[in-house]
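Here the structure comes first, spelled out in structure tokens, and everything after it is commentary.
Values quoted throughout were computed directly from the atomic coordinates according to the rules given, and no laboratory measurement underlies them. Since this is a predicted model, take the numbers as computed values, not measurements. Don't worry about glycine lacking a Cβ; one is built from the backbone with ideal geometry, like all the others, and counts go over all protein chains shown.
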Ligand code: IPD
């Protein structure tokens, strides 16, 4: 493994250890709400501070955008971190959460990793080099029938319920099984790992997808053109699919895939 990926792996594993320790502590994690259904725990802030310090150590002077403390979105070389993706799960003591760390250079993802500490799963990728889960090369699923497929539909209170409901309705009408597991980053990692055929959400933030989109394309899947003008600061819609069902799922969701 090269130095860039080794550093990324070390950073996300260190962050994961902090999360695991907090999750396993005898007391339930204290949480507050940033808004409706938008959870925040002390661990989110602690993990982001850790990741920022590690990036400064490994890559001195490079810019960081984090979910909790923001950052300079205009930097051409930008580390994008979600300290805990799936915070609601973490706060409610469900083990499906992760850290996501991606490197965006001139609007293009260069490298990234997602680490799910409770499952001890590391998903990592570098542009043009491939994507791996715990050392094993990932490949999107070969499933080519909607009636055999699983699609994860993300939801947040940032959008009207009808956006979510329409995706669910169209996917179920087409014969898909539908999930919502509460971590967009892991939702994308699971498409890359062939565990789902697609992940779709009407609006998601840059820190939720800055590693996952690269995992999917490096595993042979398709993604939408997420990084449009304001996506780093404002977020965007996201769609990621396997190759075999890409066209059908793009039509079903109404989200164009990158060609
Ligand atoms: C949220 C999760 C959720 C997705 C939301 C995100 P958070 O991030 O990824 O699955 O549907 O769009 O905001 O709050 O857990 O970091």
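For the chain, what does the relative contact order come out to in percent, with C-alpha contacts under 8 Å and a separation of six or more?
17 percent
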Ranked by how many other beta carbons lie within 10 Å on average, peptides 103-111, 202-210 from highest: 202-210, 103-111
Length-normalised contact order of segment 146-253 in % [C-alpha pairs under 8 Å, at least 6 apart]: 29 percent
Rounded tilt (10° steps) of 3-24 against the dominant C-alpha axis of the chain: 90 degrees
Between helix 42-58 and the chain: long-axis angle, C-alpha atoms, 0 to 90°, nearest 10: 80 degrees
Crossing angle, helix 161-173 versus the chain [Cα axis fit, 0-90 degrees, rounded to tens]: 50 degrees
Alpha-carbon centroids, segment 35-50 and segment 80-139: separation in whole Å: 17 Å
Separation of alpha-carbon centers, segment 147-166 and segment 184-199, rounded to whole Å: 14 Å
Estimated [θ] at 222 nm from DSSP helical runs (n ≥ 4, -39500 (n - 2.57)) normalised by residues in the chain, nearest 500: -10000 deg cm²/dmol
Ranked by how many other beta carbons lie within 10 Å on average, peptides 215-221, 115-121 from highest: 215-221, 115-121
Alpha-carbon Debye profile of the chain, log10 I(q)/I(0) at 0.09, 0.13, 0.16 Å⁻¹: -0.35, -0.76, -1.17
Residues 36, 258 arranged by fewest to most Cβ contacts within 10 Å: 36, 258
Rounded Å value of the spacing that divides the Cα centres of segment 219-259 and segment 56-71: 26 Å
Residue of 73, 140, 238 that the Gaussian network model of the chain assigns the largest fluctuation, springs spanning Cα pairs under 10 Å: 73
Solution diffusion estimate, µm²/s, Stokes-Einstein, segment 77-116, Kirkwood Rh from C-alpha pairs, 4 °C, viscosity 1.567 mPa s: 119 µm²/s
